[in-house]
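The values are calculated or read from the model by the stated rules, or taken from the named source; none is laboratory data. Everything quoted here is computed from the prediction, not taken from an experiment. Ideal geometry is used to build each Cβ from the backbone, glycine not excepted, and the neighbour counts take in all protein chains shown. Heads up: the accessible areas ignore ligands, DNA and RNA and are worked out on the full protein's heavy atoms, side chains in. Shrake-Rupley method; radii C 1.70, N 1.55, O 1.52, S 1.80 Å.
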Amino acid sequence: MCRIMATHKRILRALRRGPARRNLFGPVDREQLHVEYQAALQKDLEEASRRWGFDFISDKPLESDDFKWEGVPGAKVPLLYRSCMHDLGQAGGQRAAEAAVKPKGGRVGSPQSEKENIPCSPERCENDLENLEKTPERRENTGLKRKQTNITDFYQAKRRVVWMPPKSGE
Amino acid sequence: MELLCLEMDTIIRARPDPNLLCDDRVLQSLLTIEERFLPQYSYFKGVQKDIQPFMRRMVATWMLEVCEEQKCEEEVFPLAMNYLDRFLAVVPTKKCNLQLLGAVCMFLASKLKETRPLTAEKLCIYTDNSIRPQELLEWELVVLGKLKWNLAAVTPNDFIEHIVRRLPLPEDKLALIRKHVQTFIALCATDFTFAMYPPSMIATGSVGAAICGLQLDSADQSQWGDSLTDLLAKITNTEVDVLKECQEQIERVLMSSLREGRQQQQQQQTQRGPSGKGLDELDQSSTPTDVRDVNL
């Protein structure tokens, strides 16, 4: 049994390489990194535009066989789409609301495989990142918690009118 | 009247749910969907020009150390490696950006699995500030896009309980066996050989290796009926030969890791001299292998 204990001590040693805080592959070219990031986002955005038939940069529908887009006033979209969750300030929230449109008819994406996400446009993300730079601390008591969404944000609450058997004890 | 706050700095975990662990449908579903989350290509043969297998090992080892030092949940590291491999299978990446990618993958996996996830700042410090939180967050978005936001990948860790509870193992050894299995799974995640294997096979092979390693299989041969490997193979519908090969591979990786560790240890000893504190540091290891604290 001692042999086994020793073995496992050695596995750990084998996996360790001095202090965990270290730079592995030399300096990072920041400018190049940023260029690549912009390019990657741009590419994602173009793919999403093709996929959804919608130009996400100018917030305009594109000619597309798959989707027909229809504008909806900001006040009519569910709460979730109205305010931005990072407390971006009025401008950001407003913008998100104006941008919301809903697909009408058209192809319904196959349920599991093809639901791709729409990346933000680069400008919009820049704003986000300013605010996100501090990730929440573990013990921090954040007052910025997002409001819990209720099912009634999406559906109107109605009193139940069908007859229900009285609960026991009533 | 006095008000007491009994909230503590402990991480609250859900108890093991028998509805999930004792229902065969859960294991069957895991086996059905696991292949969806495998990297599509052996990327060193095509997509990647600048990075090589040994660099993946370097970044993986670093990630494992960070996860250990931060006492992350066990599945964070294997999950992060799954993201890393899936990203590398589709995006040609420069070696100088590999550590950034590793940090992003830990960031995502930690957020998915932990109640108190790793922060961007902390991860940047672990890269010795070679990257900034801003960059980490930017690339998080890129990685998410490439993974199509499919983050809830199946990992070998998801299978441990399902396998272990179907084996006739002594109750008092279960905790120890789990630890060993977790260690083997982590070891497999550092080695590219296993990157394309289904998680269920890695889990089954690791359980086999753990039981053999602890010599629980030889203690009482009669209780196993069929051999251990046959039983294991049945649980996860793996072919016996394939499983045997996998288990042997795990044992080989283990041996070579141990050999490497021994060499490094000797090097450090000669570099630092007998009074160096290198060995003490190495001994203060945390998860996943504080097995030596367990009374054998």
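What do you reckon, is B:ALA210 modelled with pLDDT of 90 or more, surrounded by 23 or more Cβ atoms within 10 Å (Cβ to Cβ) and either part of a loop (DSSP other than H, G, I, E, B) or more than 14 Å from the chain's Cα centre (by Cα) (or both)? Steps first, answer last, please.
Details: modelled with pLDDT of 90 or more: yes; surrounded by 23 or more Cβ atoms within 10 Å (Cβ to Cβ): yes; either part of a loop (DSSP other than H, G, I, E, B) or more than 14 Å from the chain's Cα centre (by Cα) (or both): yes.
It is true that B:ALA210 is modelled with pLDDT of 90 or more, surrounded by 23 or more Cβ atoms within 10 Å (Cβ to Cβ) and either part of a loop (DSSP other than H, G, I, E, B) or more than 14 Å from the chain's Cα centre (by Cα) (or both).
Quick one: B:TYR126 ticks every box in (1) over 17 Å from B:THR190 (Cα atoms); (2) open to solvent by 40 Å² or more (accessible area, probe 1.4 Å); (3) touching a residue at least 60 places away in the same chain (Cβ under 8 Å) bar one, so which box is it?
For B:TYR126, the failing item is (2).
For segment B:107-123, how many residues meet the condition of being open to solvent by less than 30 Å² (accessible area, probe 1.4 Å) and assigned to a helix (DSSP H, G or I)? It would help to see each step written out before you state the result.
Step one: of segment B:107-123, the residues open to solvent by less than 30 Å² (accessible area, probe 1.4 Å) are B:107-110, B:114, B:118-120, B:123.
Filter once more, so that each one left must be assigned to a helix (DSSP H, G or I): B:107-110, B:120, B:123.
Matching residues across segment B:107-123 total 6.
Of the residues B:GLN182, B:GLN267, which single one is more than 18 Å from the chain's Cα centre (by Cα), within 12 Å of another protein chain (Cβ to nearest Cβ) and in a helix (DSSP H, G or I)? Spell out how you get there, then give the answer.
Numbers: B:GLN182 fails: more than 18 Å from the chain's Cα centre (by Cα).
From the options B:GLN182, B:GLN267, the qualifying one is B:GLN267.
Across segment B:131-140, what is the total count of residues that are open to solvent by 20 Å² or more (accessible area, probe 1.4 Å) and either among the small types (Gly, Ala, Ser) or under 18 Å from A:GLN32 (Cβ atoms) (or both)?
So the count comes out to 3.
Among the listed residues B:GLU34, B:GLU74, B:GLU68, which satisfies the condition of being assigned to a helix (DSSP H, G or I), under 24 Å from B:SER200 (Cβ atoms) and either in contact with a Ser or Thr (Cβ under 6 Å, 6 or more places away or on another chain) or away from every other protein chain (no Cβ under 14 Å) (or both)? Walk me through how you get there before you give the answer.
Working: B:GLU74 fails: assigned to a helix (DSSP H, G or I); B:GLU68 fails: under 24 Å from B:SER200 (Cβ atoms).
One residue alone meets the criteria, B:GLU34.
Restricting to segment B:1-27, name every residue that is over 26 Å from B:ARG116 (Cα atoms) and either touching a Pro at 6+ places or on another chain (Cβ under 8 Å) or surrounded by 11 or more Cβ atoms within 10 Å (Cβ to Cβ) (or both).
Scanning segment B:1-27 gives B:CYS22, B:ASP23, B:VAL26, B:LEU27.
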